[in-house]
Each structure stands twice: as C-alpha cells, then as structure tokens.
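The values are calculated or read from the model by the stated rules, or taken from the named source; none is laboratory data. Source: prediction; values computed, not measured. As a convention, Cβ positions derive from the backbone with ideal geometry for all residues, glycine included, and neighbour counts pool all protein chains shown. Just the protein is used for accessible areas: all its heavy atoms, side chains included, with ligands, DNA and RNA removed. Shrake-Rupley method; radii C 1.70, N 1.55, O 1.52, S 1.80 Å.
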2 protein chains.
Amino acid sequence: MITIDEFNAAKIKAAKMIKESGILLTDQEAERIDVADFGLSNLNREGIQIMTHLATNRISVKILVLFPNQTEPEHWHPPVDNDPGKEEIIRAISGNLRFYIPGDNNMSEGFIPQGKEHAYTMKNEVILQPGDQLTLPPGTKHWFQAGEEGAVMYSYSTCVRDGFDKFTDSEIVRATEIKY
Amino acid sequence: MITIDEFNAAKIKAAKMIKESGILLTDQEAERIDVADFGLSNLNREGIQIMTHLATNRISVKILVLFPNQTEPEHWHPPVDNDPGKEEIIRAISGNLRFYIPGDNNMSEGFIPQGKEHAYTMKNEVILQPGDQLTLPPGTKHWFQAGEEGAVMYSYSTCVRDGFDKFTDSEIVRATEIKY
C-alpha cells in the first residue's frame, strides 16, 4: 500500500525523468503513469513506474522508470492459453541499469534488497548502457535494478497480461493499493 | 535505383533528424539506417529511411524518417500463413506528418506525387502531431507523407515481413538497388 501523496509524487518524479531522458511524453501521458509497489509497501526499495504507450492483443510498448537504487522484484511471464508467454525486449535509455537473469553468479554492481535473499534467485548480472538492448524470451526469470542515477528504459513486448505474471516473492500482490 | 552517394547522404540526414527529435541513436545504429526508394529512383519524392531497433518473429520496433515532402507509397500488410497480417501502430515524434487511410476524401494538407494518381487511392487524411498514435489493423491500405519539416516517427508492429507487403503502384520493387 502507498498513500495518494506517495503515488502522485512518484508520478511527477517519473515524468521528469522520462522527459530528461529525451523521450517525448505528452501531458496526458504523464497523467497516466502508473506506480507499482507490488503490495510490499516500500516503493522506493521495491517498485517501478510505468507509462504504457500501447497494449494490444499482440504487442505492447511501455516506458519503465526506476528511481535511484529501486528494484523491480524477480518475476517471469508464463504461458497463457495458446500464448507461449510474453517475449520482452528492454532498451536502456538513460541512467544506470542492471538486469539479473539465468546464468552464473557474477553480481558485482547490484544488491539484493536487505532481508529478501529468498525472493531474488537470479544472479547473472547484465549491465545495460543507454542504447543497449536485452531480449527476455518467454518464461525467463528476471529482476532489475537502477544504480545511483535511476534508470529509464523501454519495454517492447508481445501481449501484456500482468495478472498472470509469476513472482518469486510470495508476499507480492500485483495490484497497487492506494490509501486516500 | 539510387547511387551510393545518395544512399550515404540520406543515412546521415536521417540520423541527424532522429537525434534532433530526442530519440536515442547510437553510432552503430546510425550506421544501420536503411534507405528505400521502392525501385522508383526518386528518393526525395517517394521513399523512406528506416532504423530497425528490433525485429523478432513476434514484434518489431522501427524508427521511420521522412524528409520534407517525402511520401511513403501506398501499401498494405496481407495475411501470411497463420498470421492475419502485420498490425502496426505509428507514434509521431517530430515534424509534421499525414496519414491516408480508408474513409471519406478529406485531403487538405497533403498531395499525391505528380502523375501518380493511380498509385494513391486512400484519401482520408489524418494529421499526426508529436505524441499522437495511429493504429493500422492488418490489411489496412495506407500511405503517408511529411510536410515542410520532414517527420520522425516510431513504427511498433507485429512480425515484419516486408517482402510480402502489397503496393498499389505496380512499378514498385521493395528492395533498394544501390549503384556503386
């Protein structure tokens, strides 16, 4: 749960970071930025800000914003009906960004949020510089984190079905509850 | 056919327009910009410049650049095997841009290239301002054109199979021939 004041402040901060990255963002789009705390009630530690440019039954384009040292919890996109699962390509635009995917443990720049070792199992670190792209095939377990500058990235994908995403952390609730 | 000098000059001009629009473009990506004259040998009249960020079997992201008053010829994306045809969403980023799609003839800002009336049959004009998005369902006949400033836009789509695109102009050859 986050308060409406936290929610609004996060939207404003994310919009500023998107504009500073050079990405075109209209005022109407800035209003539509979504904020996710994954039900963990500690947005700046584990959470993300999302601007959805489009989402059809076949493709989706989002801008994702991580605040400094903010972490998106580990999750994966499972098959849904005839869909083999979401294929996602990340394109880093600004700031510093690390992804964690299947492979050898080579973590050096990032950190697992304190006390959450059980919820972060992927430790193969991929550093993305602005202009770098990373493909996440369907079902790939992943989490990601910004460094001191925060990070702005595109997420290009097949059909988004957030409600079907699987998270390693059993305490996660995907829908953000806002306290007014 | 275009000469290698025309091809290289168009790449450089397109890269400059992309960067001025605020879109991140790496030097490697600038090198990979493609130039299409559709076999009509009059690039500045009918042609387009394309930077493909990604193209998988499921999704594709491109930047499209039109020079001032340049026109992309009328075409559509037919079904291919089990695919109902490419679904495409255009997002205007900079400059001035007009699309022509099925509907009533309301052309006022654009023009059909001289002597090519037979090759441009869609006359429902949609003006796209920066930040505007237009969805083209599979099979939608369309052409588009920049105004005096040229135009930079994103094309987000399902799988790209350019070789299967259908053009109204029977003289069109999709692959650009370059004269060295």
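Below, the figures for the structure above:
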item: Within a Gaussian network of chain B (alpha carbon springs, distance under 10 Å), most fluctuating of B:Asp34, B:Asp83, B:Asp165; result: B:Asp83
item: Environment charge at B:Ala119 (Cβ cut-off 11 Å; Lys +1, Arg +1, Asp -1, Glu -1); result: -4
item: Exceeding the 30 Å Cα-Cα cut-off - candidates A:Lys19/B:Lys11; A:Lys123/B:Lys19; A:Lys19/A:Lys179; A:Lys11/B:Lys141; A:Lys166/B:Lys19; A:Lys62/B:Lys16; result: A:Lys123/B:Lys19; A:Lys11/B:Lys141; A:Lys166/B:Lys19
item: Between segment B:1-44 and segment A:22-71, the Cα center-to-center distance that results, in Å; result: 32 Å
item: Relative counts (whole %) of C-alpha pair distances in segment A:15-169, using bins that are 10 Å wide; result: 11, 42, 38, 9, 0
item: Positive minus negative residues near B:Glu88 (Lys, Arg vs Asp, Glu; Cβ under 15 Å); result: +1
item: With all protein chains modelled, accessible area of B:Ser108 [1.4 Å, Å²]; result: 90 Å²
item: For segment B:167-180, Karplus couplings with θ = phi - 60° (6.51, -1.76, 1.60), whole Hz, Gly/Pro x; result: 10, 5, 7, 5, 7, 6, 10, 5, 7, 7, 9, 10, 9, 8
item: Along each principal axis, Cα extent of the protein assembly as shown, largest first, Å; result: 71, 45, 40
item: Label spacing, shortest first and in nm, from B:Asp104 to its equivalents in the remaining copies (7 angstrom along Cα→Cβ); result: 6.7
item: Estimated FRET transfer efficiency (B:Thr56, A:Tyr180; beta-carbon r; R0 41 Å; 0.05); result: 0.45
item: Percent of Cα pairs exceeding the 17 Å cut-off, where the set is segment A:1-65; result: 41 percent
item: List B:Glu74, B:Glu109, B:Glu148, ordered by accessible area with a 1.4 Å probe, largest first; result: B:Glu148, B:Glu109, B:Glu74
item: Karplus-derived 3J(HN,Hα), 6.51/-1.76/1.60, for each residue of segment B:125-140, Hz, glycine and proline x; result: 8, 10, 8, 10, 8, x, x, 6, 10, 10, 9, 10, x, x, x, 5
item: Residue with peak Gaussian network fluctuation, chain B [Cα springs, cutoff 10 Å], from B:Ile50, B:Ile59, B:Ile93; result: B:Ile59
item: Tensor-based shape of segment B:108-180 (alpha-carbon gyration tensor, a/c under 1.5 rounded, otherwise prolate or oblate); result: rounded
item: Expected 222 nm ellipticity per residue - DSSP helices of 4 or more, -39500 (n - 2.57), all of chain A, to 500; result: -3500 deg cm²/dmol
